[in-house]
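Scroll down for the structure; my scribbles are underneath it.
Here, each number is a calculation from the coordinates, and none is a lab measurement. None of the values given here were measured: they were computed from a predicted structure. When we count neighbours, we look across all protein chains shown, and the Cβ atoms used for this are built from the backbone with ideal geometry, even at glycine.
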Amino acid sequence: MASNCISSVKELITCSICHKCFDDPRILPCSHIYCRKCMEQIASANEDQFECPAHDGTLVTKNNVNTLPVHQIMLKLIQLYDSMQSLKQCTNCDYAIAKYACNRCENERFCSKCYQGVHMLRIMQKHQQIPIHDRSSITTSCETHPDEKFRFWCRKCNAVICLHCILFQHKDHDYVLMKEVAEETEIKIHNELKSIQKSLDSRINRVHVLTTEVDNDMDSNIKMVKETMSSLRHMIDDREKTMIQEIIDIETKQKKQIENCKTPLGNQLQCLNLRKAMLDMLLITKDHTKLLKAKEEFDNYLEKTNETLQSLQIPTRIIYHSQGLNQLQQFQEEILQHGQYVERNNPELEKLMKDTGTSDTLYVQNKHLSYQDMKVVADVLRKTPALTHLYLIQNEIGDQGMKDLADALMKNKTLTNLFVQQNRISPEAQQQARETLQMNTKLTVHW
């Protein structure tokens, strides 16, 4: 685990321009990170303009490079990485790689030669040799009482303390062993980071699915247009181009709106990887003091990130279709009036939903609703605050429709019961919907 962690951290702290450890890392508006000097050198060779190597359209002038924010988390990660590298060295000779620790020589690390040399004395024979990776946690001296080690955690002051601190400055305060709090903190942060990872993975996957569907629908509709128009090519060349461009414009715009979610999700994933790497480094060092001092920063990050993810909305995809293509051969004189690329709708469903009014219950059972119709349902849920019970039993919503419906209900505060039995929703889609709706504690979904 340690070698994998170090390798992963080394990759994170390496500038993709100079391929060295970041020196004064700066964050571009697109969230990519590079060394300040690397950006300035490239700008000097390109008319004082630096373009992000990711080719995402981000441009920064040479004079503005120094105004870009410093990536503080990256700096902390580099510092932890450097401290981890120092932990590899023997504390006796300061140059050989440490292979052993000692059950009594606190905070000491030894190479093979030094361990034997230090422990040759008879008085040292009772010391037990320990593989370096199995050594005890690092202990740190108390700033107030240098002769004492930090071994406790004051719950009242949220601070690491020593035995003398308990007797004087923290007398009568509630305290526990530092090791216990460190273990609890480790588990808590691990679980929260895992939850954020899962949430990000789900959203990134959703964006990927939506963009793929847009591409597939665009290809499918373009193919339909071309096949239909082929028999009337002499009349409709210009119209075909117009329709294809209309499809491309609409779907590209929609795809762009969906892809706009990638940047914030990518930013959150990047921040998550940095936090995870920081935690791994803290755990490898086995320095509970550093871990507990970082506790508040982790807590703030977890709270802020969870709030950000709750507020981050993946846009609902609009389904379009080529209207009237099957009538073009029958209406050649009117061909220019047909073949519009419009949003797919369900007039019957729209009327039914519109007539709901202020009712708190809506029955839409056995109406052959598909996943495309869930956009209409989602819109009504947003506009009808009085609705508390929605029956969608015996339709054809499917997995995709359930995903769209769950996304629309993440922040709904009024609907208390949703009935979706007999809708061809797989167990996997049900579980994904439960995870999406886990923050909506008022809603009960009946499968």
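Values for this structure:
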{"read-out": "Charge tally in the Cβ shell below 14 Å around residue 106, where Lys, Arg are +1 and Asp, Glu are -1, residue 106 excluded", "value": "+2"}
{"read-out": "Normalised contact order of the chain, rounded percent, pairs of Cα under 8 Å and 6 or more residues apart", "value": "9 percent"}
{"read-out": "Pairs beyond 21 Å (Cα-Cα), from 351/383; 188/295; 226/367; 20/76", "value": "226/367"}
{"read-out": "Region 345-436 - convex hull of alpha carbons, volume per residue in Å³", "value": "77 Å³"}
{"read-out": "Most mobile listed residue (292, 325, 193) in the chain, GNM with C-alpha springs under 10 Å", "value": "325"}
{"read-out": "Alpha-carbon radius of gyration plus Dmax, which is the widest Cα pair, for region 90-215 in Å", "value": "22.8, 77"}
{"read-out": "Diffusion constant of the chain at 25 °C, which comes from Stokes-Einstein with the Kirkwood Cα-pair radius and 0.890 mPa s, µm²/s", "value": "89 µm²/s"}
{"read-out": "Amide H partners (placed H, <5 Å) of residue 159, local residues excluded", "value": "154"}
{"read-out": "Amide proton proximity set for residue 138, modelled H, under 5 Å, gap of 5+", "value": "287, 288"}
{"read-out": "Loop-located trypsin sites (Lys or Arg not before Pro) in region 116-156, at most 15 other Cβ atoms within 10 Å (DSSP)", "value": "126, 155, 156"}
{"read-out": "Rg/Rg_ref, region 2-79, where Rg_ref = 2.2 N^0.38 Å and atoms are Cα", "value": "1.12"}
